[in-house]
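Structure record follows, encoded as structure tokens.
The values are calculated or read from the model by the stated rules, or taken from the named source; none is laboratory data. Since we're looking at a predicted model, the values are computed, not measured. When we count neighbours, we look across all protein chains shown, and the Cβ atoms used for this are built from the backbone with ideal geometry, even at glycine.
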Amino acid sequence: MQPRTYRICTRCVMDTSDPDINFDSDGVCSHCRQYDALVRDQIERANRGERQDELGAIVERIKKAGAGREYDCIMGLSGGVDSSYVAYVAKKLGLRPLAVHFDSGWNSELAVNNIENIVKKLGIDLQTFVVDWEEMRDLQLAFFKASVANCDIPTDHAFPAVLYREAARHRIGYILSGTNHATEFILPKAWGHTSSDKRHLVDVQRKFGTATLRTYPTIGFFAQYVYYPYICRIRTVRPLNYIPYNKTEAKRIISEELGWRDYGGKHHESVFTRFFQGCYLPTKFGYDKRRAHLASLINSGQMARADALLELERPTYDPAQQLEDKVFVAKKLGVTPAELDAIFAQPNRSYSDFASSDRVLRVALKVKRAVFGV
């Protein structure tokens, strides 16, 4: 197969590092066209304040369902911008959330301080689930050894598993999520398999891990798509899709009112994620996730394309910090930096080289979109 000619979108900054991307006659990429078709109208209506009544109705349902209970909703709190702002918005709306944090063993000191400041200043109760480090270490090393793109699955899979479990235990009917269309709609599927696929996670661990996952929290297809939403009647609400959500403004608010401090990059509250996104993915696979984040900001009118291109000319993050992170990650995973380099040097693999529930997840997503919309 001949190498693909390099091309970049004329509207955003997505390029042919996404092998599935295509362009129309004006050079606009498939991600921008999907954005226009699926979420642009929703985001623009939210920016004009036209979805406030929808959000108000949802808030009233949450309050009614939680009447007489200690909490009326639950939310994950990582210390990042989105989850921190959701906590702020929830309190402004008069909700009584329980915050849950999944401690994967990779929190930066700044992340810990941010979380402490947020729950203290908002008066929110916090539950922290601390993962068994030996299980987590073995699982994350297994993903590196598997040479797949999405090596952050061990954290991203566990967080919703813990949230659903705690929601059911406390009989809470609503989960507040910081996921939003305005700043993170665009993300190529080819850049990494979904973290919700328990079958994929278990197969990678079986082939490359050595530990037994006795306490690591997992969630299977039936639990996530049937048991919790329809039997336990737990609903997920994404408040940021109903209000004007501007990343820069959100940072200003939580900095001034909650004492939040910036990490310098999306999801950099985790040392592992900072290294994974800023070093591992660009070096091994040629995937710079900043492109996807910036493309969403361009489409939502929060950044000019010229500024995004300038941002992409800079390193993903400080090169000296990258070297420090590599040494730290290697030591924490129980290998030397040379051994970690040898693992990274193995041929790249696709998630499809392992067992997965990809087909059934695709069908489930189509059904969900058909019934409930995006």
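Numerical summary
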| read-out | value |
| --- | --- |
| Residue check, Val119 in contact with a Ser or Thr (Cβ under 7 Å, 6 or more places away or on another chain), over 27 Å from Leu365 (Cβ atoms) and in contact (Cβ under 8 Å) with a residue 24 or more places away in the chain | no |
| Hey, Arg252 surrounded by fewer than 16 Cβ atoms within 10 Å (Cβ to Cβ) and over 30 Å from Ala57 (Cβ atoms) or not | no |
| Helices (runs of 4 or more DSSP H) fully within region 1-111 counting 3 or more residues that are within 16 Å of Ile186 (Cα to Cα) and either modelled with pLDDT under 95 or in contact with a helix residue (DSSP H, G or I) (Cβ under 8 Å, 6 or more places away or on another chain) (or both) | 30-38, 40-47 |
| Qualifying residue in region 73-86 (condition: over 30 Å from Thr212 (Cβ atoms), surrounded by fewer than 18 Cβ atoms within 10 Å (Cβ to Cβ) and touching a residue at least 12 places away in the same chain (Cβ under 8 Å)) | no |
| Of all residues in region 112-149 being within 20 Å of the chain's Cα centre (by Cα), β-branched (Val, Ile, Thr) and assigned to a helix (DSSP H, G or I), the one that is surrounded by the fewest Cβ atoms within 10 Å (Cβ to Cβ) | Val112 |
| Counted residues, region 217-255 - those being part of a helix (DSSP H, G or I) and closer than 24 Å to Phe185 by Cα | 15 |
| Residue pairs meeting the criteria (Cβ under 8 Å; at least 6 apart or on separate chains; first among the acidic types (Asp, Glu), in region 152-175; second part of a helix (DSSP H, G or I)) | Asp152/Phe272; Asp152/Thr273; Asp152/Phe276; Asp152/Gln277 |
| Entirely in region 282-374, the helices (runs of 4 or more DSSP H) that have 1 or more residues that are small (Gly, Ala, Ser), within 30 Å of Pro244 (Cβ to Cβ) and modelled with pLDDT of 95 or more | 290-299, 305-313 |
| First in region 21-38 and loosely packed, with under 14 Cβ neighbours inside 10 Å, second anywhere and not in a helix (DSSP H, G or I), Cβ under 7 Å, 6 or more apart | Asp26/Thr10; Gly27/Cys9; Gly27/Thr10 |
